[in-house]
Every structure is written in C-alpha cells, then in structure tokens.
Amino acid sequence: MLIMSINVLSKTCSNCGAPLSGYLCLYCDTEYKPAVDLGYRIPEPRPELVPAGLFEVELGSARYRVRGRIAVGGHSEVLLARTACAATRQVVLKVAEDVERLESEWSSLRHLQHRNSYLDRLLPQPLKLGSWRGKAVLVTGWRSGFVHTLAYARKRRPTGLDPAALVWIWSRVLDQITVLRDLGYSHRALRPEHLLVHPRDHGVAFCGWGEAVMGAHQDLADSGRCLTELMGSGAPRALRELAESAYQFDRPHHLQSELKKVARAEFGPPRFVPFAL
C-alpha cells in the first residue's frame with residue numbers, strides 16, 4: 001500500500017483523481033497520513049499531495065501501472081497507464097461494473113479491427129479484457145493527441161466553438177459514419193463526450209463503443225444533435241438548420257454534400273481553420 005505525507009488533505013486523490021472523503025482512497029487504495037510532528041510549526045502548509053508512487057492493476061499475468069484518471073463516464077472510469085514490463089507502452093484502462101457493456105465494446109472493437117485502413121487509425125486498439133477487484137477492465141492502446149473530448153472543448157468555450165471549425169469536425173464525423181455504414185455498423189452513442197478531438201491534426205475519433213451494433217441506427221441524427229450542442233448563439237442560421245435536419249438524411253455523403261454547400265456559402269472557399277484548446 002502506498003503511503004503519502006501531507007499537510008492538508010486534498011479533495012481528490014493525486015494518483016487516480018477519485019474524490020477523497022478521508023485518508024484512504026476507496027478507489028485505488030492509496031493511503032494518506034498527516035505530516036509527521038517535527039516539533040515545530042510549518043509556516044506555510046502546502047495544500048497539494050506529494051505522491052510516493054503509482055498503483056498497479058493486474059489482469060492475469062499482465063500488470064499495468066496507473067498514471068492518472070483521464071475521464072469519468074456514465075458507466076465507467078478511464079485511466080491512463082503503462083505496462084509494467086521491460087518493453088513498456090502507454091495504454092488506456094476502461095474500468096466499469098457493467099461487465100456486459102465492456103464485453104460488448106471489446107467484441108465490437110475486435111470485429112471492426114483491420115477491416116478499413118482509415119478506421120484503423122482512429123479506432124481504440126483492443127489489447128485485453130479482464131477483471132480487477134470485481135470490476136471489468138478493458139485495455140486499449142493509447143492514441144497520441146486524442147486526449148480531450150468535444151464536451152470538454154465546449155466547456156472551455158462557453159460561447160460555443162468556432163462555426164468554421166465545426167464544419168471540419170462534422171465532416172470528420174460523417175467520414176467515419178460512412179465507413180461504419182459500409183461495414184454494417186452503427187455506433188449508437190454519438191455524443192460530444194464520445195468524440196475525441198486532435199486539435200493540431202484536425203482529427204476526430206469515436207470512443208464509447210459499448211452500444212455499437214450491427215445494423216442501421218440514427219447516427220446521422222445524433223451527429224446533428226452533437227453539432228447543435230457545440231454551437232453558440234453566433235453560429236450561422238444555415239448551419240444550425242442543417243444540423244437540426246440531419247435526421248432527414250438517409251446517407252452520410254448526402255448530408256456531407258449539403259454541409260459543403262453551407263460552408264462555402266457562409267465561410268467562402270475551403271481554408272485551414274486553426275483549432276486550439
């Protein structure tokens with residue numbers, strides 16, 4: 001068990017980010033204790049925690065050293081980790097009590113793997129599925145640059161995202177919906193919190209594959225709702241109306257064609273639009 005010396009207890013665990021209600025993190029078992037009495041008063045107590053090490057997750061013969069928590073979803077927590085071996089690599093651990101949901105996500109990712117070169121660059125790479133302390137754990141490869149969700153980006157931009165940037169974001173989403181349709185799949189959970197953005201490379205990757213299924217679903221309508229959530233009051237009316245009417249389209253490329261028309265009418269010829277968080 002890890003021991004940490006602190007002066008003032010933080011509200012969150014510095015190892016995994018879970019809320020702290022006492023001197024023991026109930027999520028990762030990291031233990032904290034008051035600073036040792038040195039016989040004199042410390043003039044300026046430091047409020048932060050000083051980590052003494054990392055905790056590990058064991059899945060069979062594999063061990064993963066957790067570095068911190070990336071996100072918390074409705075059904076799971078997402079942790080950043082490294083393999084605890086000589087040839088170490090960075091991975092993502094998705095931990096949930098809903099075993100069936102993670103099993104479904106594992107099955108979908110495995111089935112979609114190596115079926116389309118474009119999708120392979122964006123899909124989470126499934127590495128291992130196991131259990132740890134009564135919870136299911138899905139291990140996927142780390143994708144550099146895809147760190148923040150569009151929900152996070154929207155939170156950072158209270159007035160809404162740049163409408164010109166929303167054009168390429170929506171276009172990337174429609175590209176992936178097209179590929180999934182061709183493979184007979186639907187994501188079924190396209191929401192801003194399930195869309196990871198790569199600001200520098202203008203990339204968008206889907207996560208949250210627990211509800212993906214074979215067959216048709218309203219992914220196009222969901223993509224329009226996503227865009228509406230990301231817009232601010234200054235978004236062009238034509239772009240907003242197109243997003244609200246996305247459910248009326250049957251094919252992604254038809255919607256994408258209309259998006260290009262709206263973009264040209266509102267913003268002129270295609271150009272590079274910087275996107276920063």
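Between the C-alpha center of segment 244-265 and that of segment 68-91 there is a gap of 37 Å.
The mean sequence separation of alpha-carbon pairs under 8 Å and at least six residues apart, normalised by the residue count of segment 107-226, gives a relative contact order of 27 percent.
Remark: relative contact order (segment 57-118) = 21 percent; criterion is Cα-Cα distance under 8 angstrom and separation of 6 or more residues.
Here, each number is a calculation from the coordinates, and none is a lab measurement. Fair warning: this is a prediction, and the values are worked out from it, not measured in the lab.
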